[in-house]
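Everything on this sheet refers to the single structure shown next.
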Amino acid sequence: MQRLKSFYLDKVVALLIKEFGYSNLHQVPKLRKIVINRGFDESCQNSKILDFLMDELTSIAGQRVFITRAKKSIASFKVRENMPVGMSVTLRGEKMYAFLDRLVNLALPRIRDFQGVSKKSFDGFGNYSLGLNEQLMFPEVDFDKISKIQGMDINIVTSSKTDKESFFLLRSLGMPFKN
């Protein structure tokens, strides 16, 4: 069992029950999934660069990525039908807890002048979105092999009904929010 998952089951569930007064254990909010997205620009249409970016995100997430393709052509954006426009990976279970543990304890503190993540990125339904400008903060990425600095969007989906419950859950799991 992952370290963060056992911490959630041992400590965080009791804190959430005490804070919000849940009568049933199934009412306690939990993490459902983490979705990592990365979009492409025109320079990523080369298959070698595309393969390199896929391998890089696969090593960060610990799971194979899915290429998203354009559904129809848009001439003003120079996009043709079935052209790769991004990549996505959905993490659940043990891999989700492992990624969140590495994100919170290794990657985010390595950002230069890091003050914490914004409290305003909740969507009103208890889900949290986070955008990163570069992939260099993850320890899996080799600095010498990077051909292009590219960011990613990370969406953390929880089972909580409100942003207050979700904020308390993520803060209890170690997410460094701004003061």
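Summary table below
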| item | result |
| --- | --- |
| Hey, Gly62 under 22 Å from the mean Cα position of the chain (by Cα) and under 19 Å from Asn127 (Cα atoms) or not | no |
| Residue count for the range 129-149, restricted to those that are of a type in the set (Val, Ile, Thr) and in contact with a helix residue (DSSP H, G or I) (Cβ under 7 Å, 6 or more places away or on another chain) | 1 |
| Tally of residues being at pLDDT 90 or above, assigned to a loop (DSSP other than H, G, I, E, B) and touching a strand residue (DSSP E or B) at 6+ places or on another chain (Cβ under 9 Å) across the range 126-161 | 2 |
| Test result for Lys164, on the phi < 0 side of the Ramachandran plot, part of a loop (DSSP other than H, G, I, E, B) and surrounded by fewer than 18 Cβ atoms within 10 Å (Cβ to Cβ) | no |
| Subset tally (residues that are at pLDDT 85 or above and surrounded by 16 or more Cβ atoms within 10 Å (Cβ to Cβ)) for the range 54-84 | 7 |
| Tabulated pairs, the range 88-101, first basic (Lys, Arg), second assigned to a strand (DSSP E or B) and surrounded by fewer than 21 Cβ atoms within 10 Å (Cβ to Cβ), C-beta under 8 angstrom, 6+ apart or interchain | Arg92/Arg32; Arg92/Lys33 |
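The values are calculated or read from the model by the stated rules, or taken from the named source; none is laboratory data. Just so you know, these numbers come straight off a predicted model, no measurement behind them. When we count neighbours, we look across all protein chains shown, and the Cβ atoms used for this are built from the backbone with ideal geometry, even at glycine.
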